[in-house]
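Everything on this sheet refers to the single structure shown next.
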Amino acid sequence: MYRLISSKTVMAKLFRDLRLTDSRYVSDMLEWFGEAMGYLKVFPALHRKVAELDIQMHRAELPVDLIKIQQVLKLPGDEVMSYNSTTFPRSLHTRDCPNQFSFRKAGYIINFNYIETDFEEGKIALSYLAAPRDEDDYPMVPDDSALLEALKWYVSLRMVEGGWKHPAGMQYPDVEARWFHYCAQARQRNKMPDIDQYQNFLESWVRLVPDYTRHAHVFDKTFKSQEDVVNAQGIIIRGVDQVSQFSDGVEQVEGFDADVIDDN
């Protein structure tokens, strides 16, 4: 799933398939599309964006198109910030009760429509997933047959609830069953990674020594060498980072034949 289409195209399909003539459904459909996409959880269809926000009095308003936060950096210097797990974050200072328990220098929390930081003023870079819009500010949806059918049956379900009669005489339970079927189908189809995404998953997770520094390096593999190594016994170890910290007598190898692995 890579291509997106405007929700205007989807509405035209619904008017055609359901034999609709009442244009008053247009504004309702836009809201129903958003609800359905929330149920479908199709995050690969979202835009990846980065925004610079000014922090004043420990807070900044989140972008209006934000759906999911990826990561936050403190500027300048690109210091990676962590979500503040303390129950007394520095951003919740009060005049009468100053917070003496917060030790984190670059943490943040999300408080309603705001991001709140442990530092009072400055700038942050916010990497996030956003809802895509077309040139007329209409929401865009993935161009996937199962997902388009799911949207059609969700809209039909909401319309039947409002008293609309389906042209084929389908009742509420029938429409609801179609929505559940295509919702599950679209959700699974759009979660399947492609070959490169599979490879990225393998390189990130299949390793003998866990790498606890990926968050600090914004999950960019170029910061770390992930080479295969051979230990003193001649056994090849795949994808060990900073192996000298964990083992002695290990030699890096550029290439190898699987047959050279010691069976003992």
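Rule-based calculations on the coordinates, nothing more; no lab input. These numbers come from a predicted model, not from an experiment. When we count neighbours, we look across all protein chains shown, and the Cβ atoms used for this are built from the backbone with ideal geometry, even at glycine.
Tabulated data for the structure shown
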| quantity | calculated |
| --- | --- |
| Stretchable slack from Asp54 to Asp17, in nm (0.36 nm times residue separation minus alpha-carbon distance) | 8.6 nm |
| Karplus-derived HN-Hα couplings along segment 3-8 (A = 6.51, B = -1.76, C = 1.60, θ = phi - 60°), whole Hz, x at Gly and Pro | 7, 10, 10, 6, 5, 5 |
| Counted charge near Asp54, where neighbours are those whose Cβ lies closer than 15 Å (Asp, Glu -1; Lys, Arg +1) | -2 |
| Fewest-first sequence of Trp164, Trp153 by Cβ atoms within 10 Å of each Cβ | Trp164, Trp153 |
| Segments 19-31, 181-193 sorted - mean Cβ within 10 Å per residue, highest first | 181-193, 19-31 |
| Nonlocal amide H pairs with Met81, under 5 Å, H built at 1.01 Å | Val72, Leu73, Lys74 |
| Estimated vicinal HN-Hα couplings, Hz - segment 162-174 in sequence order (Karplus 6.51, -1.76, 1.60; Gly, Pro = x) | x, x, 5, 9, 5, x, 8, x, 5, 8, 3, x, 5 |
| Estimated vicinal HN-Hα couplings, Hz - segment 12-29 in sequence order (Karplus 6.51, -1.76, 1.60; Gly, Pro = x) | 4, 5, 5, 4, 6, 5, 9, 6, 7, 10, 8, 6, 5, 6, 4, 5, 5, 4 |
| Contour excess over end-to-end distance, with Cα ends at Asn113 and Ala125 and 0.36 nm allotted per residue | 2.7 nm |
| Charge sum, other residues only, whose C-beta stays under 14 Å from Gly34's C-beta, Lys/Arg counted +1 and Asp/Glu -1 | -2 |
